[in-house]
Amino acid sequence: MTNRGNFSGRIGFILAAAGSAVGLGNIWRFPYLAGENGGAIFLLVYLGCILLLCYPVMVGEISIGRAANSDAYGSYSKLGGKKWGYLGLFGIIAGIMILSFYNVVAGWAFGYFLHISFGDLLNEQDFGGFFGSFVNDILNVSSVHGLASSNLIFSLVFMMLTAVIVTRGIQKGIEASNRIMMPTLYIILIGIILYSLSLPNAFSGVRFYLIPDFSELKIQTVVDGLKQAFFSLSLGMGGLITYGSYLSKKENITSSAMVISAADTSVAFFAGLMVFPLVHFLAFKLHIDPTEIGTSGPPLIFVVLPQIFHEMGPVLGRIIGGSFFLLVCFAALTSTISLLEVPVAYLVDQKKYNRKHVVWVMALIIFICGIPSMMSQGMVAALNNLTFYKGQDFLTFISDMSDICLTIGGCLMSIFISRRWGIKNMDTELAQGNDRYMTSGVRKYLHVTINWIAPILLGSLSIVIILEKFFGIENLI
Ligand code: PFF
């Protein structure tokens, strides 16, 4: 086997995998889902999903990759035969789909970072109106608030940054960039939390976030929690199979996966701890009830937060707002590199293409695939209002489809381990680097989850999401 590259050790792997997990999902999607689903109760459900289901699935994925020492397609076909290779391909396609829309939202965050840090976006009077026109006209290169603006360019630059890192390979590119971005991300996050907790009315936000109201617990809360936990940990599409394939046999997978899950969960938790005090501060300033502030969907970070930064005054607003969007860009970049690595690893391992060429070609193709998502925010009416998808926009459609692919991918992966590769082979893999694994309680817990809980729960979840999305049965749950 040619030298495919590898992580330098445990820390490099953990940082890279945690970087993949920590992303827009934590900083943007988690707080608004928590806001919509009753705050603290959602947090509890989410933690339950991570423990009960996501951690075992993560261990399973990493062990498949390390055992086979190959990309997602190569790993499944090597351990389970050619037909199972299609499951790897399914994951690769899901990853491409995710990266296509993810890069668009990352481009918005990059644009906001530039506009707030170097332009005068915070002087805006109508942040909702600004966001609407910002996402609507992707070619608008005219000067907005003193800075040239074009989503097409922002998103292209973001994809190019991703590609530059991935061309540099595992250690010099992916690992090295995560070693810088992940610690910086934590520092910025903690800095903003400390500042937001010092604002008037901040603790009303903390109370909403941390004191559960069990009457808010609905099936929808559980469905949203599971979907979010799965997406947030980058499970179900072969990303961790790919990263696992670069991990040395000396490393302990079960404990590394624990650290990765904890790192991801802590960032999601901290993002809520940053956002809710800010939202309650804004409510206080505007003399309104916090529930009147629309915190759902993209507007949370692109409309509500900029308005809050505006309230902080020109200097502090620019510093805190600029840092916030830099944080979002770092979080997104550590995830986009893992998403791009999945098809790249496939083409390098299976087709023996040159890594650098493949990276640039894939980056370009995926960027182009993202253009319909970009144009679906008002620019092209047909994409903004999909008739076959309840009038929702194309970006939402692709994002929902990815959720479905991830849960189906996770379900089939657990079936693959328990019914095809064999849970004993997973045990043998996990015992390497962990002498005590065979006699540990973790082993029993992984067996029960991977044999039964994951296939049943993820299979049912996939069906529920499909029914909910396509047949509008949301009122039933
Ligand atoms: N986990 C990332 C987030 O929370 O934003 C998204 C993601 C990255 C999903 C990589 C899947 C993946 F392979």
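Residue by residue, region 236-250 carries 3J(HN,Hα) couplings of x, 10, x, x, 7, 5, 5, 5, x, 6, 9, 9, 6, 5, 6 Hz when phi is fed to the Karplus relation 6.51 cos²θ - 1.76 cosθ + 1.60 (θ = phi - 60°); x denotes Gly or Pro. Residue by residue, region 81-91 carries 3J(HN,Hα) couplings of x, 4, 4, 5, x, 4, 5, x, 5, 4, x Hz when phi is fed to the Karplus relation 6.51 cos²θ - 1.76 cosθ + 1.60 (θ = phi - 60°); x denotes Gly or Pro. What the phi angles of region 14-31 give under the Karplus curve with 6.51, -1.76 and 1.60, with θ = phi - 60°, is a coupling list of 4, 4, 5, 5, 5, x, 4, 6, 6, x, 4, x, 7, 8, 9, 6, 4, x Hz, glycine and proline written as x. Using C-alpha pairs below 8 Å separated by at least 6 residues, the relative contact order for the chain is 32 percent. Placing one equal scatterer on every Cα of region 170-253 and applying the Debye formula, the log10 ratio I(q)/I(0) at q = 0.14, 0.17, 0.20 Å⁻¹ is -0.88, -1.03, -1.09.
Taking a straight line from the alpha carbon of K218, these aspartates and glutamates sit under 16 Å away, with near neighbours fewer than eight places off in the same chain left out: E36, E468, E474.
Against the main long axis of the alpha-carbon atoms of the chain, helix 253-286 sits at an angle near 10°. If you take the alpha carbon atoms of the chain and fit the smallest convex hull around them, that volume is 137 Å³ per residue.
Work out, step by step, the length gained on full extension between S215 and Q392: first 0.36 nm times the residue separation, then minus their alpha carbon distance; give nm to one decimal. All intermediate terms of the calculation are to be shown ahead of the outcome.
On the way: separation 177, 0.36 × 177 = 63.72 nm, distance 2.98 nm.
Going from the current span to full extension adds 60.7 nm.
Label positions at K352 and T184, each projected 7 Å from the Cα along the C-beta direction, are separated by 3.9 nm. Here each label is just a point 7 Å from Cα along the line to Cβ, and for L286 and M379 those points are 2.9 nm apart. Compared with the dominant principal axis of the Cα atoms in the chain, helix 55-68 is inclined by about 50°.
Are there trypsin sites (Lys or Arg not before Pro) in region 205-259 that DSSP puts in a loop and that have at most 12 other Cβ atoms within 10 Å, and which ones? It would help to have the intermediate numbers written out before the result.
Details: sites: R207, K218, K227, K249, K250; in loops: K218, K249, K250.
When the trypsin sites (Lys or Arg not before Pro) of region 205-259 are filtered for loop state and at most 12 Cβ neighbours within 10 Å, K249, K250 remain.
For the listed residue pairs K172/K250; K78/K227; K83/K469; K82/K424, the alpha carbons are over 23 angstrom apart in K78/K227; K83/K469. From least to most packed, judged by other beta carbons within 10 angstrom and beginning with the fewest, S117, S323, S155 follow the order S117, S323, S155. For region 154-169, list residues with backbone N below 19 Å from a point placed 7 Å from the Cα of L364 toward its Cβ? Output list for this probe position: 154-168. When each of the peptides 435-441, 179-185, 132-138 is scored by how many other beta carbons lie within 10 Å of its residues on average, the order from highest to lowest is 132-138, 179-185, 435-441. Taking the average, over residues, of other Cβ atoms within 10 Å as the packing measure, peptides 9-20, 461-472, 392-403, 331-342 rank 331-342, 9-20, 392-403, 461-472 from highest down.
Give me the net charge for the shell around T242: Cβ to Cβ below 13 angstrom, other residues only, Lys and Arg +1, Asp and Glu -1.
On the way: positive: R4, R66; negative: E61, D71, E341, D349.
Local net charge: -2.
Grab the DSSP H runs of the chain that are 4 residues or longer, score each as -39,500 (n - 2.57), total them, divide by all residues and round the 222 nm result to the nearest 500 deg cm²/dmol. Intermediate values should be presented prior to the final figure.
Details: 21 runs with 328 residues, N = 477.
Roughly -22500 deg cm²/dmol at 222 nm, from the helical runs in the chain.
By how many degrees, between 0 and 90 and to the nearest 10, does the Cα long axis of helix 355-375 differ from the longest principal axis of the chain? The helix 355-375 is inclined about 40 degrees to the chain.
Just so you know, all these numbers are worked out from the coordinates, no wet-lab data involved. What you see is a predicted model; the values in this text were computed from it and never measured. For neighbour counting, all protein chains shown are included, and Cβ atoms are generated from backbone atoms with ideal geometry for every residue, glycine included.
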